[in-house]
Amino acid sequence: MEIYIPVIWALLIGTAVALYVILDGFDLGIGILFPYAKEEKEQDQMINSIAPFWDGNEPWLVLGGGGLWVAFPHAYAVVMPALYLPVIVMLLGLIFRGVAFEFRTVADTSKKYWTFAFAGGSTIAAFCQGLILGGIIQGIKVENGQFAGGTFDFATPFALLCGLGVVTGYALLGACWLVMKTEGPVAERAREHAKPLLLGVLAFMGVVSLWTPLAFPPIRERWFSLPNILFLWPIPVITALTAYLAWRWLEAGREIPPFLAAILLFMLGYVGLAISVFPYLVPFSMTVWDASAVPSSQLFLLIGTLPLLPIILMYTGFVYYIFRGKLREGEGYH
Amino acid sequence: MDLDPVLLARLQFAFTISFHIIFPSFTIGLAAYIATLLGMWLRTGQDRYQLLARFWTKIFAVSFGMGVVSGIVLSYQFGTNWSRFSVVTGNVIGPAIGYEVLTAFFLEATFLGVLLFGWNRVPPWLSALSAAIVAFGTAVSAFWILSANSWMQTPTGHEVRDGIAYPVDWLKIIFNPSFPYRLAHMLTAAYLTTALVVLAVGARYLVAGRHEADGRTMVRMAIGMIAILAPLQLLIGDLHGLNTLKHQPIKIAAMEAHWDGSKPGDFHIFAWPDEKNEVNRFAISIPRGSSLVLTHDANGLFPGLKSVPPSERPPVVPVFFAFRIMVGIGLLMIATGLLGAFLWWRGKLVTTRWYLQIVQYFWPLGFIAVLCGWITTEVGRQPWIAYGILRTADAISPVSAASVLTTLILFVIVYGIVFTMGLYYINRLIVRGPQGRAIEPPGHDTPSRPLAAAHDAAREAIGS
């Protein structure tokens, strides 16, 4: 039994991070797309479409980070110092965009600065999340259970690629959200943006899918050895199919399906990365079992998490249901 | 120049956590106040309560947003700056942080969306319920965070093997000895902080002759809270102090600048603790005052700072002064509350101009007291980060001092901008005051509607 608890926790934290990526992904995406709005009114419309939700999206980030600490303190204590700068710069980006939600509505003459802060903060936070992702996948230097590398070890071309990939991906999610939740010029422009963004995301996924097996032998082994490849080949195929359908739906003027397709694309990429690195939490030096807290601690939180998580998902769903449909005239900040 | 990474990491954490605690101190109480106002709206059907609640909800949203983003920072800083701490204590206090997110943060952050934007989408009872859920969430959040912090002060229910703490008894870990006192003290402080802000804003409107009906409501509700909670807080604080004396006597010695434990302690109203020579300079003292408070006996003895070597003592000056400022503000709050209650009893609370003119400037008092209280207890815990288990100096991450310094400077700049502007915008919201008209909830139709609407329109027309 004890050997499974760390795996359950890895799945739970994986789920929290996945939910964070989807939920904050589309609202960070709105920020990334902000500079492309034609006028302030459009920006208001964009931000109002996410205003009721964004606060509720943030706890997933804390659950991901905090959960890592609780369940895998050794991994937390290695990953955070190793990715010190991207983590803190991401937090600073999130601060700027977070306060900009409220500040924009209260400000008069200084509104343009907070518009800038919202766009800049969102983009920087997304880029840093990509750096963190890349920094983890490419591995971290660990000695005696502690981070033993330098400040800028994370800053490789691969991590930069991941950074740009995440920015593009979040922008795609944001654009598809706008297609679903808004009307008029904002929705039309989002539909136009979504197509090149979709191609961009596919390109980044393609490059990462080629780069990781070439650069990291364990990942090559995982994907291309027998019998693994027999089970894993559908993943890239489904990914291509999803992207094709997303394109068709965007062309056909559909409103909800493109967003769902964008989420599915993200999940496929995410599952692909998870397959690449599991069971490592810190590739390729620390597995989920190496990094675990003692069973008692993992179990104590697990007992509460199992009933609480469905409840959280239920009331989160309820709030999305309350604010369902297109953004109504005059809704949002007054 | 050699940079001390421990000092930099401490400065950074002190800065970010001080910034953060300001917002929960305010939002815990404000959420409860908004829920109360909405309860009054449901009960009386008077739209002015909805307007007042929406006015405070806007201020709440600005504060909560700053609290959320500055709180996320903390949950990551344990790892980025204090990775040894996270490994040594993670098994034991990690779950408290996990439960905070699961039972509180999700709840408050999710239902805040309904409270802020749901006015024309949900029935009134659901708006009020959302406010109550947000208020409940903020208090539950305090429960877990204070439990984790209290364990760092008075650890129980664990065992240490190879320098790492392992859980033994979860109930003892969560309900560790200082936790009930710290929780009661902090929650009361939060409600008092909010009450003082509400009082100051209400007084400001009355002095300026604007929003007078709302101003009267605010001043009365706030005085009701302060007159009860401020004296109660003195009692809770006293019990908390006795608990600290039992478990962290050296912290008490630092708070009182009490050097020699073989003599009864004087209460120093003012002094300059000279840590090098282990004496107090320029002391103005009440003889045996500390002994009387702490042991309830003028001849009672309690440990002095000299009972441990200097390496085991916390820095005395900040602890000593922070404690004095907190107590001073607490006494001022009691005076404010009791005087306000007296004026109310004489029917003059909302018309006594000199009183209102003074209390309109009292809004920062609660925040300063909360910050000073935390400085007292956190600096007073030094040199330990987890009392008796891990020293602060041994808790940091293997990151370069230059990185910590760089990010510290970034934090100071970013927080400086955000805080200044946040304060400026909140002030602007207050200057504008409650305004607009009540938002019609869906399917809401009562006979009093036309009259209430006319009343609102009239209010708007005369610009009140």
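In what sequence do B:Tyr76, A:Tyr76 fall when counting other Cβ within 10 Å, fewest first?
Details: B:Tyr76 23, A:Tyr76 29.
Neighbour counts put them in this order, fewest first: B:Tyr76, A:Tyr76.
Inter-chain Cβ neighbour count for A:144-154, averaged per residue, equals 2 (cutoff 10 Å, partner chain atoms only). The relative contact order of the stretch A:5-297, computed from alpha carbon pairs under 8 Å that lie at least 6 residues apart in sequence, is 24 percent. When you filter the chymotrypsin sites (Phe, Trp or Tyr not before Pro) in the stretch A:140-215 for DSSP loop state and at most 14 other Cβ atoms inside 10 Å of their Cβ, you are left with A:Phe152. Estimated from helical segments only, the mean residue ellipticity of chain B at 222 nm is -24000 deg cm²/dmol, where each DSSP H run of four or more residues counts as -39500 (n - 2.57).
Before anything else, pin down the relative contact order of the stretch A:184-334: Cα pairs under 8 Å, at least 6 apart, normalised by residue count, whole percent.
Numbers: 54 pairs, mean separation 23.4, N = 151.
Worked out over the stretch A:184-334, it gives 16 percent.
If R0 is taken as 45 Å, the Cβ-Cβ distance between B:Ile325 and A:Thr156 corresponds to a FRET efficiency of 0.35. Taken residue by residue and averaged, Cβ atoms of other chains lying within 10 Å of the Cβ of B:421-427 number 4.
Ordering B:Met66, B:Met225 from the fewest to the most neighbouring beta carbons within 10 Å gives B:Met225, B:Met66. Listed by chain and number, the aspartates and glutamates whose C-alpha is less than 19 Å from the C-alpha of B:Lys263, apart from same-chain residues fewer than 8 away, are B:Asp274, B:Glu275, B:Glu278, B:Asp297.
Pairs A:Lys111/A:Lys326; B:Lys172/B:Lys306; A:Lys41/A:Lys112; A:Lys38/A:Lys112: which exceed 23 Å Cα-Cα?
Details: A:Lys111/A:Lys326 25 Å; B:Lys172/B:Lys306 31 Å; A:Lys41/A:Lys112 12 Å; A:Lys38/A:Lys112 13 Å.
Check vs 23 Å cut-off fails for A:Lys111/A:Lys326; B:Lys172/B:Lys306.
Exposed loop sites were defined as GluC sites (Glu not before Pro) in DSSP loop states (anything but H, G, I, E or B) carrying at most 12 other C-beta atoms within 10 Å; in chain A the longest segment without such a site runs A:40-328. With the convex hull of its Cα atoms as the shape, chain B has an orientation-averaged projected area of 24.7 nm².
With a 10 Å cut-off around each Cβ of B:391-404, the average count of Cβ atoms from other chains is 3. Here the Debye sum runs over all C-alpha atoms of the stretch B:128-274 as equal scatterers in vacuum, and log10 of I(q)/I(0) at q = 0.11, 0.22 Å⁻¹ comes out as -0.65, -1.28. The helix-only estimate of mean residue ellipticity at 222 nm for chain A, built from DSSP H runs of length n ≥ 4 each weighted as -39500 (n - 2.57), is -26500 deg cm²/dmol after division by the residue total.
Using only Cα coordinates, the Kirkwood hydrodynamic radius of the stretch B:148-198 works out to 12.3 Å. For the stretch A:5-297, the share of alpha carbon pairs falling in successive 5 Å distance bins from zero is 1, 6, 12, 16, 17, 17, 13, 9, 6, 3, 1, 0, 0 percent.
Qualifying trypsin sites (Lys or Arg not before Pro) in the stretch B:283-365, where qualification requires a DSSP coil assignment and no more than 13 other C-beta atoms within 10 Å, comprise B:Arg346, B:Lys348. Relative to the globular-protein estimate of 2.2 N^0.38 Å, the Cα radius of gyration of the stretch A:213-277 stands at 1.34.
Suppose R0 equals 41 Å; then what is the FRET efficiency for A:Phe231 and A:Glu2 from their Cβ-Cβ distance, rounded to the nearest 0.05? Before the final figure, lay out each step's value.
Working: r = 27 Å, r/R0 = 0.67.
FRET efficiency, A:Phe231 to A:Glu2: 0.90.
Could you give the length gained by full extension between B:Thr420 and B:Ala14, i.e. 0.36 nm per residue of separation minus their alpha carbon distance, to one decimal place?
Numbers: separation 406, 0.36 × 406 = 146.16 nm, distance 1.85 nm.
That pair, B:Thr420 and B:Ala14, stretches by 144.3 nm at full extension.
Once the Cβ-Cβ distance between A:Ala252 and A:Phe116 is put in as r, and R0 is 35 Å, what FRET efficiency do you end up with, to the nearest 0.05? The calculated FRET efficiency here is 0.50.
Pairwise Cα distances in the stretch B:25-141 exceed 24 Å for 34 percent of all pairs.
Kirkwood's formula applied to the C-alpha pairs of the protein assembly as shown gives a hydrodynamic radius of 28.1 angstrom.
Read the figures in this text as sums done on the coordinates, not as results from a lab. It should be emphasised that the depicted structure is a prediction, and the values quoted were computed from it without experimental measurement. Neighbour counts run over all protein chains shown; Cβ positions are idealised from the backbone, glycine included.
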